[in-house]
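Beneath this line is the structure, given in structure tokens, with notes to follow.
All of the numbers you see were taken from the coordinates with simple rules; none came from a lab. Everything quoted here is computed from the prediction, not taken from an experiment. So basically every Cβ, Gly included, is an ideal-geometry build from the backbone, and we count neighbours across all protein chains shown.
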Amino acid sequence: MDLHVPAGSAFGLIGPNGAGKTTFIKSVLGIVRPTAGTVRVLGGSPEDPAIRARIGYLPERLHLPGTWKSPAFLATVARLKGLKPDAAAHARLLERVGLADAVDRRIGGYSKGMRQRLGLAAALLGDPALLVLDEPTDGIDPMGRLEVRRILQEEVQKGVTLFLNSHLLAETERVCDRVAILADGRVLREGRLEELAKAGARWRVRFAPGADRAALEAAGFMAVADPARGARPGGDARADMAPASGGREDGVYTVDAADVAVLNAALDRARASGALLMELRREGADLEAVLVGAVGGGPGVAA
Amino acid sequence: MKSPVFVIAGYVLREAASRKFIMAFMVGLTLVLATVALSLKLEVVDGALAATRLFGEVMRSNIMSVDVALRPIYRAAAYLVFYGGILFGIVACSDFAPGLLSPGRIEHLLALPLQRWHLLAGTFLGVMTLALGGTVYAAGGLTLIFGVKTGYWTAGPLIAGGLACVGFAAVYAVMLTTATLVRSAALCSAAGFVLLVGGILAGFRADVSRYLESGFGRTAFDAVTLVLPRLSALASRAADLASSTPMEKGSLGMLLGGVLVFGLGALSVGFWHFEGKDC
């Protein structure tokens, strides 16, 4: 695989289970050695401790010493990063990740979300240039996710490069500006999120009730199936989209138009047939659709 | 800035301090030493032990010089510290390395700016600091109690304790190397027990070999025990030192050399394997 992550970007890695996302992250950090090829991180080898000193990492399943308290854990991680432990700075960091009230409690009594927050605090120690986070919001409640997302966005704004592996596609979509889709150890698609999510030239149109369907179809419009009424047991999405199938969404059509001139020509033909336009919007694929489109929608597809 | 080896050693010691099992052992050791200190009364007249009272009861014994009277006690204590210490160490320290190398912790540690060998060296140093601390506490406490009560001071028990630590170092080197192969506390302690038993047999290899039928079995026994550290022989030398018994010239140096070479060899295998391992 060949993947380039621009400095200062927020990069998301998604793919099905077993795609090799965590293995890839481990190879970026020198925990796993590539059988062939080279890995360059921050302009050097991940084997170099000086390079790793500039990386903050949160593993997928962080195993923390249960009998310790969070300040002691942060102080040890700071020492291992070659930093002088700074109790005041650590307290501010714990406050930033929302653990200010838990500093006197043993880590063993923390919830999964609190452990993730502590792991994030440890990753942020020493102001790393690159943050590699493997499922950072796993186990964190929705409000906590907002806080974590805010922290990650603040870091990106500071110029930190963010490399995020999350099974929560909405989170990847909100935080990252670039995404790579990985499957079977290969990068299937990679690029800016809006480029990947672009559906091409398809528009979704809603006409007022009473529009002549035959005339609209003759004008290039395709009726959209209503999932609530049209989905058949065992039927696939493509079959449900077919204009001839039953259970269409009332008045909703799609039309392919390479540019606005072609779109307006199609709309003119529709209006000429007596159809009244109610709503028009460009169809964009969300990240889930991009992932399913790239990997295929079979069972087991998950980020 | 502290070397990562010391930080990892501190990590291990902090983990050890939180173990109830280890704390209970230290409390138990303290209670034994306190009981000996409070219940034993020794009356010394002109360097000779005139009378002994244990829990107020007079113990019948001949009048003899203090150093001679204390020999069996120090000898027994040396064996107890040697074998008891190694056995306790095998059980108590078996999960330090597998814990440090466990999924979710090893990735985090290896992503930090330290070398892989720092992790193993730090774990080894932490465990050996723990072993040395426990030994000094037990042997030093005993020496202090008898020294204060009799006025006879000897470093023998402490040196014997040091030899016990050397023996444990060889055992723990094998346990640490095992941990790099399999992250299992049970298998680590099993490897430690096997080496302890093998080391005891190796100390008596000439005697044991005589009782074996000549042929493949005896040859295999001789070959295997040849490379094992002579732990029982080291325990005997430790007891000799503790009881100020003269020993054969040069025998201790050879024994220590053999144990150290074995321990370093086992550690080298572990370091080499861990260096090339994907975690």
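Have a look at B:162, B:147, B:217 and tell me which one the Gaussian network model of chain B (Cα, springs below 10 Å) gives the largest fluctuation. Result for chain B, Cα springs under 10 Å: B:217 fluctuates most. Between residue A:183 and A:188, the built amide H atoms are under 5 Å apart, and every one of these is 5 or more places off in sequence or on another chain.
Rounded to the nearest angstrom and listed largest first, the equivalent-ellipsoid semi-axes of the range A:1-144 from its Cα gyration tensor are 27, 18, 13.
Protection proxy ranking of B:129-138, B:50-59, by the mean of other Cβ atoms within 10 Å over each peptide's residues and highest first, is B:129-138, B:50-59.
Near residue A:203, once Lys and Arg are set to +1 and Asp and Glu to -1 for all other residues with Cβ below 12 Å from its Cβ, the sum equals +1. Sequence-ordered 3J(HN,Hα) estimates for the range A:135-142 from the Karplus curve with 6.51, -1.76 and 1.60 and θ = phi - 60° stand at 6, x, 9, 4, x, 8, 5, x Hz, glycine and proline given as x. Based on alpha carbons, the Rg and Dmax found for the protein assembly as shown are 35.3, 128 Å. Here the translational diffusion coefficient of chain A follows from Stokes-Einstein with Rh set to the Kirkwood radius across Cα pairs; for 4 °C and 1.567 mPa s it amounts to 58 µm²/s. The distance between label points at residue B:27 and residue A:154 comes to 4.3 nm (points 7 Å beyond Cα on the Cα→Cβ vector). Excluding residue B:18 itself, calculate the net charge of residues whose Cβ lies under 12 Å from the Cβ of residue B:18, where each Lys or Arg counts +1 and each Asp or Glu counts -1. Residues near residue B:18 contribute +4 overall. With a cut-off of 10 Å between beta carbons, the residues surrounding residue B:96 carry a summed charge of -1, where Lys and Arg count +1 and Asp and Glu -1.
Work out which trypsin sites (Lys or Arg not before Pro) in chain A are exposed loop sites (DSSP not H, G, I, E or B, at most 14 other Cβ within 10 Å) and give the longest gap free of them.
Working: sites that count: A:40, A:105, A:158.
The longest such stretch corresponds to A:159-303.
Note on the range B:2-79 and the range B:124-158: Cα centroid distance 8 Å, given to the nearest whole angstrom. Summarising the label geometry, the points placed 7 Å from Cα in the beta-carbon direction at residue B:278 and residue B:144 lie 5.3 nm from one another.
Take the Cβ-Cβ distance between residue B:260 and residue B:46 as r, set R0 to 45 Å, and report the resulting FRET efficiency rounded to the nearest 0.05. Write down the numbers at each step before the final one.
Details: r = 43 Å, r/R0 = 0.96.
It comes to 0.55.
The angle between the Cα long axis of helix B:185-203 and the longest principal axis of the Cα atoms of chain B comes to about 50 degrees, rounded to the nearest 10.
Averaging the inverse of every distinct alpha carbon separation and then flipping it gives the Kirkwood radius. What is it for chain B, in angstrom units? The partial results should precede the final answer.
Working: mean 1/r = 0.0489 Å⁻¹.
So the Kirkwood estimate lands at 20.5 Å.
Along the range B:137-142 the Karplus relation, 6.51 cos²θ - 1.76 cosθ + 1.60 evaluated at θ = phi - 60°, assigns HN-Hα couplings of 5, 6, 5, x, x, 5 Hz to successive residues, with x for each Gly and Pro.
Expressed in nm to one decimal, what extension gain is obtained for the pair residue B:223 and residue B:208 from 0.36 nm per residue of sequence separation less their Cα-Cα distance? List each step's numbers first, then the result.
Values: separation 15, 0.36 × 15 = 5.40 nm, distance 1.30 nm.
Between residue B:223 and residue B:208, full extension yields 4.1 nm more.
Computed from the alpha carbon atoms alone, the convex hull of the range A:50-100 holds 95 Å³ per residue. Dividing the helix sum by the residues of chain B, where each DSSP H run of 4 or more adds -39500 (n - 2.57), gives a mean residue ellipticity at 222 nm of -23500 deg cm²/dmol.
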